[in-house]
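Comments concern the structure below.
The values are calculated or read from the model by the stated rules, or taken from the named source; none is laboratory data. As the structure is a prediction and not an experimental result, all values here were calculated from the model. Here the Cβ positions follow ideal geometry from the backbone for every residue, glycine too, while neighbour counts run over all protein chains shown. The area values use the complete protein model at the heavy-atom level, side chains included, leaving out ligands, DNA and RNA. Shrake-Rupley method; radii C 1.70, N 1.55, O 1.52, S 1.80 Å.
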Amino acid sequence: MITQLVKPTLAVEVGTFTGYSSLCIARGLAGGRLRCFDVSEEWTSIAQRYWEKAGVASRITLTLGPATESLRALEEQIDLAFIDADKINYPAYYELVMERLRPGGLVLVDNTLWDGYVADPSYEDEMTRRMREFNDLVMNDPRVTSVMLPIADGLTMIRKK
């Protein structure tokens, strides 16, 4: 539904894994394309099988390798992005996407509640601190408006002004 509302010409997914999210995004495309970035040939081969079965493979381009490099090389304007890769690099992915995101474009970031640990001050492990720092980065970014939805493990919707 979000893809249908945004009507992206170019959507980007950072972290494909077995392809569930990319399949959802691609099914909502009406003439647009989805660029997926992931490092695992093993897991994305599963995604590719399901893209074929769903009839959306022609809408998706998969690039294997570090997403930071792939995003830096991307010259097109992004309309919609979904970030769900290695959490430590969320700030880097966010900045690279924001540089290419059109005004009014939307970024979705998964796992931002981090099993609820981000709201519990007794959790001080590195990953919880990193996710808190990312959430603070987004919350204090004057370029965007955002909302964190308490769905599953947290989904943050970020709209570029």
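Residues in the range 5-26 that are in contact with a Lys or Arg (Cβ under 9 Å, 6 or more places away or on another chain) and open to solvent by 50 Å² or more (accessible area, probe 1.4 Å): T9 only. Scanning the range 62-83 for residues that are within 13 Å of the chain's Cα centre (by Cα) and either of a type in the set (D, E, K, R) or open to solvent by 40 Å² or more (accessible area, probe 1.4 Å) (or both) gives a single hit, D79. I'd like the full set of residues that are within 14 Å of D84 (Cβ to Cβ) and hydroxyl-bearing (S, T, Y), limited to the range 1-29. Residues satisfying the conditions are T16, T18, Y20, S21, S22. Within the range 81-97, residues that are more than 14 Å from C36 (Cα to Cα) and in a helix (DSSP H, G or I) have Cβ atoms under 8 Å from residues that are open to solvent by less than 50 Å² (accessible area, probe 1.4 Å) and aromatic (F, W, Y) in these pairs: K87/F134; Y90/F134; P91/F134; Y94/F134, counting only partners at least 6 apart in sequence or on another chain. Can M127 be described as open to solvent by 70 Å² or more (accessible area, probe 1.4 Å), among the aliphatic types (A, V, I, L, M), over 21 Å from C24 (Cβ atoms) and out of contact with any His (no Cβ under 9 Å at 6 or more places or on another chain)? Judged against the criteria, M127 is not a match. Within the range 49-61, can you find the residues that are touching a helix residue (DSSP H, G or I) at 6+ places or on another chain (Cβ under 7 Å) and either open to solvent by 40 Å² or more (accessible area, probe 1.4 Å) or small (G, A, S) (or both)? Y50, A54, A57, R59, listed by residue number. On the given criteria, is E41 in contact with a strand residue (DSSP E or B) (Cβ under 8 Å, 6 or more places away or on another chain), open to solvent by 80 Å² or more (accessible area, probe 1.4 Å) and at pLDDT 95 or above? It is true that E41 is in contact with a strand residue (DSSP E or B) (Cβ under 8 Å, 6 or more places away or on another chain), open to solvent by 80 Å² or more (accessible area, probe 1.4 Å) and at pLDDT 95 or above. Being open to solvent by 60 Å² or more (accessible area, probe 1.4 Å), of a type in the set (D, E) and under 13 Å from the mean Cα position of the chain (by Cα) is a description that applies to D86. Which pairs turn up if I take residues in the range 30-47 that are farther than 17 Å from D84 by Cα and look for partners that are of a type outside the set (F, W, Y) and assigned to a strand (DSSP E or B) with beta carbon separation below 9 Å, at least 6 apart in sequence or on another chain? Pairs that qualify, where the first residue is farther than 17 Å from D84 by Cα and the partner is of a type outside the set (F, W, Y) and assigned to a strand (DSSP E or B), are G32/L10; G32/A11; G32/D79; G32/L80; R33/L10; R33/A11; R33/I60; R33/T61. The condition of being β-branched (V, I, T), in contact with a strand residue (DSSP E or B) (Cβ under 8 Å, 6 or more places away or on another chain) and farther than 19 Å from Y20 by Cβ holds for only one of I60, I78, I88, I83, that being I78.
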